[in-house]
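Below is one structure, written out as C-alpha cells; the observations come after it.
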Amino acid sequence: GLLSVGLFSKDVDNPIFTQVTTLENAIFEGRPFSELAIVQPQNAPSGELMGLELNYQQQFVALPAPFDGLGIALNYTYTDGEATLFDRDGKVPFFLQPEHTGNAALFYEKRGFEARVAWTYRSEYLDEVSADGPEQDVYIDGRSQLDLKLSYAFSPKWRVYAEFLNLTDEPLRYLNGNARLAENELYSWNMVAGFEGRF
C-alpha cells in the first residue's frame, strides 16, 4: 500500500489570468453592438498558493481469491490561494485553482483484467476577472462526477478498454460574483472504447 502526506507553498510572480471588459452600445471594427465583451489575458503582480495533499492506496492481496484483486485509492488536496490585481483593492482567489479537490476509487486488478469506478470532486474556482468589479467575476461552480473504466490485457503488449465518463450527467455551471447562476450547460455521459498495442 501507499500512504503519503505533503505540504506545499508557492509564490508566483506575474500569474496570468483572463480579464473580461463588457461594453454597451459599442462600435467594434465598424459594427455596432448593444453589448460587447472583450476577453484578454492579463498579468497580475503576484500570487501565493499553499496547501496540503493526502494520498492513500491499498490493494487487498491478503484477501482470499478472487477478492485479492480488490483495492481502493483515495486522495484529497486542500489549496489556499490568492492573488493581487493592479486595479482592485484587496486580493482575489488564485485563478483557476479550486480550494478542494479529491477522488475516491474502488478497483479490481487481476490476470489482465482491470475495473475501476471513481468519484471525483472539485470545488468552485475563479475563471475570469471582470473589469466591472467583483460582482461580475465569473466562477465555475463545484462539480463531482462518477466514471467507470474497464480493460483487459491479452498480453503485456495488447489490451482492449472502455471508459464511461460522467455517469451521473453532472452539469457545468458558471456563476457571476460567486453566487448568481450565469450559465448552465447540460452534459450526458459519454463513452470511449478502443484497442491498444505497443510495439
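For segment 119-136, the set of residues classified as modelled with pLDDT of 95 or more and under 15 Å from LEU181 (Cβ atoms) consists of GLU124, ASP127, listed by residue number. Would you check which residues across segment 157-182 are open to solvent by 40 Å² or more (accessible area, probe 1.4 Å), out of contact with any Gly (no Cβ under 9 Å at 6 or more places or on another chain) and not charged (D, E, K, R) and list them? Of everything in segment 157-182, those that are open to solvent by 40 Å² or more (accessible area, probe 1.4 Å), out of contact with any Gly (no Cβ under 9 Å at 6 or more places or on another chain) and not charged (D, E, K, R) turn out to be PHE164, LEU165, LEU167, THR168, TYR174, ASN178, ALA179, LEU181, ALA182.
So which strands (runs of 3 or more DSSP E) are wholly in segment 87-149 and hold at least 2 residues that are in contact (Cβ under 8 Å) with a residue 24 or more places away in the chain and open to solvent by 50 Å² or more (accessible area, probe 1.4 Å)? Before you say what the answer is, go through the steps one by one.
Values: elements: 88-93, 100-110, 113-122, 125-130, 138-140.
Here the list reads 100-110, 113-122.
Checking every residue in segment 183-191 against the condition of being assigned to a strand (DSSP E or B) and under 18 Å from LEU74 (Cα atoms) gives zero matches. Scanning segment 183-196 for residues that are open to solvent by 60 Å² or more (accessible area, probe 1.4 Å) and over 19 Å from PHE107 (Cα atoms) yields GLU183, ASN184, LEU186, TYR187, SER188, TRP189, ASN190, PHE195, GLU196. The residue that is farthest from LEU7 (Cα to Cα), counting only those in segment 19-78 that are of a type in the set (A, V, I, L, M, F, W, C) and open to solvent by less than 40 Å² (accessible area, probe 1.4 Å), is ALA26. Scanning segment 1-13 for residues that are exposed (fewer than 11 other Cβ atoms within 10 Å of the Cβ) and either closer than 23 Å to ALA83 by Cα or among the basic types (Lys, Arg) (or both) returns GLY6, LEU7, SER9, ASP11, ASP13.
The values are calculated or read from the model by the stated rules, or taken from the named source; none is laboratory data. Keep in mind that this is a model prediction, so the values were computed, not measured. For neighbour counting, all protein chains shown are included, and Cβ atoms are generated from backbone atoms with ideal geometry for every residue, glycine included. Accessible surface areas use protein heavy atoms only, side chains included; no ligands, DNA or RNA. Shrake-Rupley method; radii C 1.70, N 1.55, O 1.52, S 1.80 Å.
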